[in-house]
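The values are calculated or read from the model by the stated rules, or taken from the named source; none is laboratory data. This is a predicted model, so every value here is computed, not measured. FYI the Cβ positions are ideal-geometry reconstructions off the backbone, even for glycines, and counts take in every protein chain you see.
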Amino acid sequence: MTVVIRKGRVIDPGRINGPADVLIQDGAIAQVERGLAVPPGATVMDAAGKWVLPGFVDLHVHLREPGFEYKETIQTGAAAAVAGGFTSVCCMPNTNPVNDNQSVTEFILDKARAAGLAHVFPIGAITKGSEGKELAEFGELKDAGCVAVSDDGKPVTNGMVMRRALEYARAFDLTVVDHCECLYLSEGGCMHEGLVATELGLHGIPAAAEDVMVARNLALAELTGGRLHLAHLSTASSVRMVREAKARGIKVTAEACPHHFLLTDEAVREFNTNAKMNPPLRSRKDVDAIKAALKDGTIDVIATDHAPHADFEKQREFDYAPFGIVGLETAWGLALTLVDEGVLSVEQVVALLTARPARAFGLSKGTLAVGADADVTIVDPEAQWVVEPEQFRSKGRNTPFAGWKLKGRVTTTIVGGRVVYP
C-alpha cells in the first residue's frame, strides 16, 4: 500500500521541521520532501494545517494482562495508545503471573499482534516473581522479545541484587529500569509529606524516599557501567543527582510524567483518589525542577506511567485506594502546555515523546527517516478539546485531568503504514 501525506508541517527532531510531504510504501518511510509527486494508485492524506510527527513512544505503561483484565487488556490499552498518538508502548511486568519468563513474554506479544494496533514491547522482571531475591533469566527474556528489565512498583531493595542486575544486563544489552523508593521511608504513606498532608491528616511519603534510592542506583551504575533508566522522577534532589551523574559520564536516562510536571500535592486537597499516584504529587519546588530538567535534557523522556484501575478500586477512602492514573490519551495535550508556558519548544516536546525514548531502550522507532517503519502521528495543533474520561478507549477512567481544556489533538495514527486511529 502506498500513502502520501501532503501539505503538513513535518517535525522529526534533528532531521526536519517544516513543510513537507511524506511518502509511505510497503509499511516504511520512502521519502520526506516538499512537493512530492503522487505515485499512481496512492492514497492521499491531506495534512494541511497539521503537524506530521514520528509515532510517539511510551517507555512506561501497565497493560494489566495477564491477570488483571478487569482493569485493562492489551487490546484496550493498545487502543488507548493509538488514540493518544502512541505507536509503540513498553509494558511493565507486574502482571499475574509476573513477566519473568519466555512464556509470559510470548503471551503478551501474541495478544499485541492479535490487537493489531500499537507495537507492544514487553519489559521483563529483574527478579523472579519480582520478589527482589533471585535474578530472572535475562537472556531468555531478551530472546523472547523483552527490551528492558524492571521490577516496577517493587523497587529492588537489596543493593547486591541491583548491582548484579546491572552487571548481568550489560551482557544482553538491556536497560535496567528502577522505581526509586525506599520502602522503609515510604511505609504507610499515601501522598507527599508536607503541609498539605499535615492539614489533611494523611500519612506522608518524604521526598527522601525517592532520593536515597536514586543516589544508590547511580552509584551502582557508576560501579558497574550498566545502563540505568530511572522511572518517573518527582523530586528536585533526584533531578540534581541525575544532572551531576550525567556530567560524570554515568550511563543513566530518566523519565518524567505529565502529572509530575503539571500538578502539585495541592491537587489532593479534595481527597481525590485520582490524584493519588506513586511517586506522589510533590511540591511546587519539585515541579519547577522537573520542568527545568526537561528543558536542559537532564530528563530524557516524557512517559505516562499509564496505570488503569477499576472505578470501584478508586472509589474508596484515600488511604486505601490504589496508586496510579491513566495517561495514554491525555499525554500529548498535557505535554503541549509546556510549549504554551514557554518551558519547551515544540521540537523539544516531540523529541521527548519520540526519538529520545526510543534511544533510551535501543528501539528502532521514533523517527521518520527513510527506511524506518511508517509509524506516524498526525495532530491538529489548534484543536481545542476537553478531557472526558467517559470517552477514553482505555478501561481506566482514573485521571486527575477530567474537565481540563487542552489544545492540540491527535487526529490520525498510522502504524506500519496502516491507519489504526481513528
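Numbers for the structure displayed
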item	result
Any hit, the range 121-139, residues being within 30 Å of Ile414 (Cβ to Cβ) and touching a Phe, Trp or Tyr at 6+ places or on another chain (Cβ under 8 Å)	yes
Qualifying residues in the range 380-414 (those that are in a strand (DSSP E or B) and hydroxyl-bearing (Ser, Thr, Tyr)) - the one surrounded by the fewest Cβ atoms within 10 Å (Cβ to Cβ)	Thr411
Hits in the range 270-305 (condition: in a helix (DSSP H, G or I) and either of a type in the set (Asp, Glu) or outside the structural domain of Val339 (by TED's automatic domain parsing) (or both))	Asp286, Asp288, Asp296
Per-region count, the range 324-342, residues part of a loop (DSSP other than H, G, I, E, B) and surrounded by fewer than 17 Cβ atoms within 10 Å (Cβ to Cβ)	2
The listed residue being surrounded by 20 or more Cβ atoms within 10 Å (Cβ to Cβ), more than 25 Å from Val89 (Cβ to Cβ) and of a type outside the set (D, E, K, R), out of Ala275, Ala256, Ala245	Ala245
Unmet criterion (only one of (1) within 23 Å of the chain's Cα centre (by Cα); (2) modelled with pLDDT of 95 or more; (3) not charged (D, E, K, R)) for Ala208	(1)
Residues of the range 239-257 that turn out to be more than 28 Å from Glu329 (Cα to Cα) and touching a strand residue (DSSP E or B) at 6+ places or on another chain (Cβ under 8 Å), as a count	5
Hits in the range 170-211 (condition: assigned to a loop (DSSP other than H, G, I, E, B) and without any contact (Cβ under 8 Å) to a residue 12 or more places away in the chain)	Glu187, Gly201
Index of the failed condition, Val82 passing every other in (1) within 26 Å of Val177 (Cα to Cα); (2) of a type in the set (A, V, I, L, M, F, W, C); (3) more than 28 Å from the chain's Cα centre (by Cα)	(3)
Number of positions in the range 215-226 that are surrounded by fewer than 22 Cβ atoms within 10 Å (Cβ to Cβ) and part of a loop (DSSP other than H, G, I, E, B)	1
Within the range 106-145, considering residues that are of a type in the set (Val, Ile, Thr) and in a loop (DSSP other than H, G, I, E, B), the one nearest to Leu59 (Cα to Cα)	Ile123
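Rundown of residues vs (1) within 22 Å of Asn96 (Cα to Cα); (2) under 23 Å from the mean Cα position of the chain (by Cα), yes/no style:
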residue	(1), (2)
Gly116	no, yes
Phe121	yes, yes
Lys133	yes, no
Leu166	no, yes
Val177	yes, yes
